[in-house]
1. Once label points are set 7 Å from the Cα along Cα→Cβ at both N54 and D369, what is their separation, rounded to one decimal in nm?
2. Given a Förster distance of 45 angstrom, what is the FRET efficiency for K43 paired with Q388, based on the Cβ-Cβ distance and rounded to 0.05?
3. Please work out the FRET efficiency for the pair I179 and M1, using the Cβ-Cβ distance as r and a Förster radius of 22 Å; give the result to the nearest 0.05.
4. How compact is the range 299-377 by the rule of thumb for globular proteins, expressed as Cα Rg over 2.2 N^0.38 Å?
5. Which Cα, out of M132, G80, Y100, lies furthest along the positive dipole direction of the range 69-177 (beta carbon charges, K/R +1, D/E -1)?
6. Direction-averaged shadow area of the convex hull around the Cα atoms of the range 264-412, nm²?
7. Roughly how many Å is it from the Cα centre of the range 299-324 to that of the range 1-75, as a whole number?
8. Run through the range 206-235 and list the trypsin sites (Lys or Arg not before Pro) located in a DSSP loop whose Cβ has at most 16 other Cβ atoms within 10 Å.
Amino acid sequence: MEKVKGLVCSKCGKKVGEEVMYHCPDCGIEGTLDVIYNIDLVKKELTKEHLKENEDKNIWRYFPIIPLESREGITPLQIGGTPLYKANRLEKLLNIKNVYVKDEGRNPTASFKDRATAIGVAKAIELKKDIMCAASTGNAASSLSGFAACMGIKNYIFVPKNIPEAKLTQLLVFGSEVILVDGDYDVAFGFCLEAVNHFGWYNRSCAINPYLAVGKKTAAFEICEQLNFKVPDKVIMSVGDGCSISSVWKGFKEFYELGLIDRLPTMVSVQAEGANPVNRAYRNGIRVFNYIPPVTIADSISVGIPRNGYKALNALEESNGIAIDVSDEEILSAITSLARQTGVFGEPAGVTSFAGLKKLVELDQIREDETVVVVVSGSGLKDIKSAQQAVNKPELIKPDMNKLIEYLKYLS
């Protein structure tokens, strides 16, 4: 492919050709790969003028820097083009002049994962792969399930036993073959890898497949365009495996290389206190991820071993990033706080980023004049049971006006 130079290992830096399907031949599964481009060639096709004239309102407007030969496998679903809201009420609450919320719950299956899946499905079709699979805590699973249904691709989904009911239901409705694994995400991930090696299925996992990360970087492109190519000071993201934050960072770097922006943001990694391997490694200045069983309400980022950990560390180190942990209590509080200040209802993992922003403000690590973007990675409708823990249920009253007046006094 002329626009692609090859792939590079995130761990050792070795460059390999496109014939390598998944990871670095020297580093094995830890050596996740990044796609590198012929920037001089891309520059001719991806300019501000081209973007202004482009009528696509989805990730495909960035096709010149997406590693596909043709548009044959592009799904008709609307991927990307998600809104970036200026959160005026949050600005007053937090005393920051410019706070923006990127609502990824507006994607087809209601999560950030759809950007990655769109590329994975298109690549599978390009490579003439008949069967896809994924291991997921829920969102990547429902994303592949929906997109595979749209494009008629048979798929197997490996999920941990504690998958939220709403996410499991999505898979069954879309018609996927669900493999409910007796174990957590890390167990399901390992089992899925065994199946890939045994059956030769095409792996949708961002932790393995280098092309999936390409989809997620488009969020950075959109943020730049939506802010009229003015780069935010900080981009705050929830982190699990590490693919999302590293991909968004890659997107900003590519726009910088293309001359479309003149500086780069600081990336902020927010993890749950009970599942924080990336943040622990970054704070300790090490590139080793010691397994501790993850315990958090935020199922989508409940990870013990981050499969894109080296990429995430690279993003934090290169951007002079910040790593901050939040408790499950802070995550639950963020669900209602974000919803009531912005109208955006996020799932626990989705609002972990916002919980991180609140904590950074408390610690005086955000200046009043900074521009901050908070990425909310998934809809709250994905995990209603968790949201219910953050609210009080209404009392049942009889349809009697006196009872209503009495109840209104109680509420006030």
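1. Spacing of the two 7 Å Cα→Cβ label points: 3.3 nm.
2. Taking R0 as 45 Å, the efficiency between K43 and Q388 is 0.35.
3. 0.10
4. My calculation over the Cα atoms of the range 299-377 gives 1.16.
5. Towards the positive end, the residue furthest out is Y100.
6. The Cα convex hull of the range 264-412, projected and averaged over all directions, gives 11.4 nm².
7. The two parts, judged by their Cα centres, are 21 Å apart.
8. Counting only loop positions with at most 16 other Cβ atoms within 10 Å, the trypsin sites (Lys or Arg not before Pro) in the range 206-235 are K230.
Read-outs: derived from the displayed coordinates by stated rules, not from any lab. Every value quoted in this text rests on a predicted model; they were computed, and no experiment measured them. No Cβ is skipped: glycine too gets one built from the backbone with ideal geometry, and neighbour counts run over all protein chains shown.
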